[in-house]
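Here's the structure we're looking at; comments come further down.
The values are calculated or read from the model by the stated rules, or taken from the named source; none is laboratory data. Not measured: the values here are computed from a predicted model. FYI the Cβ positions are ideal-geometry reconstructions off the backbone, even for glycines, and counts take in every protein chain you see.
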Amino acid sequence: MLHCQLSVSENQKKIILEWHNLATVESLHRGDGAVTFPDESVILKILAGPGPYQFNQMQIKTIAAWADKVFNKHYGGGDIRNYEEEKVYKSITAALNKFSHG
């Protein structure tokens with residue numbers, strides 16, 4: 001399986017973890033929000049270690065889905081991001097493009 005390196009700062013790592021929290025736990029989209037799927041657990045374990053991080057395509061897509069879910073909540077569905085969120089989101093979309101373009 002192909003992997004892609006994602007280099008993010010500590011602050012950007014915190015943003016990704018916050019996306020996970022807001023998209024899963026706080027949204028209560030899985031009952032009480034206490035459930036984390038195995039693929040999500042793997043991402044969280046990777047992020048618990050030192051960077052740079054190696055992710056496969058599905059893991060990058062999962063992180064992007066967390067971000068998209070959070071972004072689409074702001075101000076009634078507007079796509080609002082701060083500078084650091086935009087920076088890490090661009091890194092994620094660049095990683096996705098590497099998978100699709102080989």
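Within the stretch 2-14, residues that are under 10 Å from N56 (Cα atoms) sit with their Cβ atoms under 9 Å from residues that are basic (K, R) and modelled with pLDDT under 95, at 6+ positions apart or across chains, in these pairs: L2/K98; C4/K98.
Before we move on, is M1 loosely packed, with under 15 Cβ neighbours inside 10 Å, at pLDDT 90 or above and aliphatic (A, V, I, L, M)? Criteria not met by M1. The residues of the stretch 58-92 that are at pLDDT 90 or above, among the small types (G, A, S) and farther than 14 Å from E18 by Cβ, listed by number, are A64, A65, S91. Report yes if some residue within the stretch 93-100 is assigned to a helix (DSSP H, G or I), modelled with pLDDT of 85 or more, in contact with a helix residue (DSSP H, G or I) (Cβ under 6 Å, 6 or more places away or on another chain) and not polar (S, T, N, Q); otherwise report no. Yes - at least one qualifying residue is present in the stretch 93-100.
All of (1) modelled with pLDDT of 95 or more; (2) under 19 Å from K87 (Cβ atoms) hold for A48 with one exception: (2).
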